[in-house]
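Take a look at the structure set out below.
Please treat every number below as a calculation from the coordinates, not as lab data. All figures in this text were calculated on a predicted structure; none of them were measured in a lab. Positions of Cβ are generated from backbone atoms using ideal geometry, with glycine treated the same way; all protein chains shown enter the neighbour counts.
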Amino acid sequence: MRFDIITLFPGIFSGFLSESMLKTAIDAGLIDIHLHQLRDWADDKHQTVDDRPFGGGPGMVLKVDRVVPCIEEIQRLTEPGHLILLTPQGRTFRQQIAEELVQQKRILLLCGRYEGFDQRVNDLLQPDEISIGDFVLNGGEVAAMTIIESIMRLIPGVLGDEDSARIDSFSSGNRLLEESQYTRPREFRGLSVPEILLSGNHQEVDKWRLQNRLERTKLRRPDLLTDS
Ligand code: ADE
């Protein structure tokens, strides 16, 4: 699966791309990530990509005549992909959207900064506008990483057998939070591991785990049990 990230700050991604599971997936050829500096589409000495908003107001707006040609050129590099624009105004990201997006062969992630994009960027490119939650970040970069990480876990072969055998919380058909986990020591500062987990009785352990998941979900995220 190919990802193209369009950003003013490609350096933000360097640790993300060179560590852990994502690096392994890239090395194995399961994921291909390309970073593009939006400023490369500026044509002046200062590499300007933003300007003051018409009508006044604070902040700067990313220019339509820089962003649209940039995306069009990147789309032409290979078979056109699904364009996502990261913005707090988008639909809220969730596991089901990751499951939908993993079906794509190629995804472009356009990261905003400042006060956002000229509206004509949205009008002309009709991107899939996505927010990662009801809070405002400095830009779309962290949101893009969040989306890539949740999608890549769903690509066959990326997770080891042990991990992929687990059905993550929030995935379709699983609306329960994960159960509490314990490892050695059996006792720490007066707190003991539940006896049942040490019993070796797998049936009883499974029963305990399900009960624990139900209780946790009811307490922490009752909406998961009632919302469709
Ligand atoms: N850019 C700024 N805030 C954001 C958010 N919450 N989600 C996606 N992109 C953003």
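For a Förster distance of 35 Å, can you work out the FRET efficiency between the beta-carbons of D43 and E19, rounded to the nearest 0.05? Before the final figure, lay out each step's value.
Working: r = 36 Å, r/R0 = 1.02.
Efficiency at R0 = 35 Å is approximately 0.45.
Based on the mean of other Cβ atoms within 10 Å per residue, sort peptides 194-201, 16-23 so the most packed one is first. The partial results should precede the final answer.
On the way: 194-201: 12.2, 16-23: 14.0.
The densest-packed peptide leads the list: 16-23, 194-201.
In nm, to one decimal, how far is the modelled label at R189 from the one at D223, with both set 7 Å along Cα→Cβ?
About 3.2 nm, to one decimal.
Kirkwood Rh over alpha-carbon pairs of the stretch 1-135, then Stokes-Einstein at 25 °C and 0.890 mPa s: what D in µm² s⁻¹, rounded to an integer?
Working: Rh = 16.0 Å.
Stokes-Einstein gives a translational diffusion coefficient of 153 µm²/s.
Hey, what did the chain get for relative contact order, percent, Cα under 8 Å, at least 6 apart? Please list the in-between numbers first.
On the way: 303 pairs, mean separation 44.0, N = 228.
Value for the chain: 19 percent.
What ratio of Cα Rg to 2.2 N^0.38 Å holds for the stretch 121-165?
Numbers: Rg = 14.6 Å, N = 45, 2.2 N^0.38 = 9.3 Å.
Taking the Cα Rg and dividing by 2.2 N^0.38 Å, one obtains 1.56.
Residues with amide H under 5 Å of I5's amide H, sequence separation 5 or more or different chain, H placed in the peptide plane at 1.01 Å from N; which?
HN-HN under 5 Å from I5: H34, L35, H36, L109.
Checking the cross-link filter: which lysines have an alpha carbon closer than 18 Å to that of K207, excluding same-chain neighbours under 8 positions apart?
K218
Tell me the Rg and the Dmax, in Å, that the Cα atoms of the stretch 1-77 produce.
15.7, 50
What is the stretch 152-228 by shape, rounded, prolate or oblate, if you read a ≥ b ≥ c off the alpha carbon gyration tensor as root eigenvalues and call it rounded for a/c under 1.5, prolate for a/b larger than b/c, and oblate otherwise? Before the final figure, lay out the partial values.
Numbers: a/c = 2.08, a/b = 1.31, b/c = 1.59.
Oblate.
List the lysines whose Cα lies under 24 Å from the Cα of K45, skipping any in the same chain that are fewer than 8 positions away.
K63
Give the Cα extents of the chain along the principal axes, in whole Å, largest first.
Largest to smallest, the principal-axis extents are 71, 41, 36 Å.
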